[in-house]
2 protein chains.
Amino acid sequence: MNTYCKFETALDILIGKWKPVILLRLLNHGTMRFSELQKSIPDITKKMLTQQLRELEYHDIVHREVYKEIPPRVEYSITDYGQRMTPLLQAMNDWGVNHIAHLQELYGEEQVE
Amino acid sequence: MNTYCKFETALDILIGKWKPVILLRLLNHGTMRFSELQKSIPDITKKMLTQQLRELEYHDIVHREVYKEIPPRVEYSITDYGQRMTPLLQAMNDWGVNHIAHLQELYGEEQVE
DNA sequence: AAACGTAGTATCGAAAAATATACCTTAAGC
DNA sequence: GCTTAAGGTATATTTTTCGATACTACGTTT
């Protein structure tokens, strides 16, 4: 009854069209400013980028540093707490890679979705 | 560029209002027939239950055993392959539990969502 | 004084996904 | 001819997500 009840919490902060991409960018890139992120993610709108970053910030995964300059500069990075999430991401990734292979074994080369 | 690219695969088979609950039931309970599952999950409709079970079956997480009887009997269980997913679920759960505590540290006792 | 650049916000609405509702089937047993 | 178990199907509704557009603020540059 009480095992695995909260794994949805981990899901919550990862789902969505953009959160994974944003996370990947910041993990591989270190600190990035808003416009860099936007340029590096094709088709994302400011609104989506802002929205997703705020959610990640709320969860203490992403740090937002505002520089009081004109024109404004805002830099984003993964927090220390966020870094501690990488083993989980790695585990999920490993499982995913393996699962894709598993599906191909089961269903052959047809597109596996 | 190529690290953590597939962790969305793991997400995919877990998201949804019902998949986690169904998984939990089957993990804790072993084999269950359709009607047992339905009774044990308040408010789920047949259609939703069927739909989710089929998806889990496609991913080889859940096994579906049909007994050719009248009235029909169909039993569901976690496959061996599905069992091998439990460490990941456990890891996600642990992270989730910890994260909830982390949020409460940050934001206090107000409802944390 | 008008335009520029950055990092947004605000609002509306379309599109997509998730979920619900209602009704149909099958074949044995009472 | 009604019930039962495990669905199927078709339609409807709700919810969530995503996108398009316009607008703001502020100092600097032209």
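The values are calculated or read from the model by the stated rules, or taken from the named source; none is laboratory data. Only a predicted model underlies this, so the values are computations on that prediction, with no experimental measurement involved. FYI the Cβ positions are ideal-geometry reconstructions off the backbone, even for glycines, and counts take in every protein chain you see.
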Q. Which residue out of A:Pro42, A:Pro71 is within 11 Å of DNA strand C (Cβ to nearest atom), at pLDDT below 95 and over 30 Å from B:Leu89 (Cα atoms)?
A. A:Pro71
Q | Criterion: under 14 Å from the mean Cα position of the chain (by Cα), surrounded by 13 or more Cβ atoms within 10 Å (Cβ to Cβ) and farther than 24 Å from A:Asp12 by Cα - qualifying residue of B:Thr86, B:Thr79 | A | B:Thr79
**Q.** Answer residue from the stretch A:59-81, given it is under 23 Å from B:Leu103 (Cβ atoms) and more than 14 Å from chain B (Cβ to nearest Cβ) and is farthest from DNA strand D (Cβ to nearest atom) among those
**A.** A:Ser77
Q: Give me the pairs, please: first residue somewhere in the stretch A:27-43 and closer than 16 Å to A:Val62 by Cα, second residue anywhere and more than 16 Å from DNA strand D (Cβ to nearest atom) and assigned to a loop (DSSP other than H, G, I, E, B), beta-carbon distance under 9 Å, and either six or more positions apart or on two chains.
A: A:Leu27/B:Thr3; A:Leu27/B:Tyr4; A:Asn28/B:Met1; A:Asn28/B:Thr3; A:Asn28/B:Tyr4
Q) In the stretch A:24-58, what count of residues is obtained for those that are among the aliphatic types (A, V, I, L, M) and within 15 Å of DNA strand D (Cβ to nearest atom)? A) 7
(Q) Any residue in the stretch B:45-58 that is within 14 Å of chain A (Cβ to nearest Cβ) sitting within a Cβ distance under 7 Å of a residue that is assigned to a helix (DSSP H, G or I) and near DNA strand C (Cβ under 9 Å from one of its atoms)? List the pairs, counting only those 6 or more apart or interchain. (A) B:Leu56/B:Lys19
Q.
Looking only at the stretch B:1-56, how many residues end up being assigned to a helix (DSSP H, G or I) and small (Gly, Ala, Ser)?
A. 3
Q) Can you name the condition, by its number, that A:Ala10 falls short on among (1) free of Cβ contacts under 8 Å to residues at least 60 places away in the same chain; (2) touching a helix residue (DSSP H, G or I) at 6+ places or on another chain (Cβ under 7 Å)? A) (1)
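Going by what's in this entry, would B:Asp94 be described as surrounded by 14 or more Cβ atoms within 10 Å (Cβ to Cβ), acidic (Asp, Glu) and at pLDDT 90 or above?
yes
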Q) Based on what the data block shows, is B:Glu55 modelled with pLDDT of 90 or more and surrounded by fewer than 15 Cβ atoms within 10 Å (Cβ to Cβ)? A) no
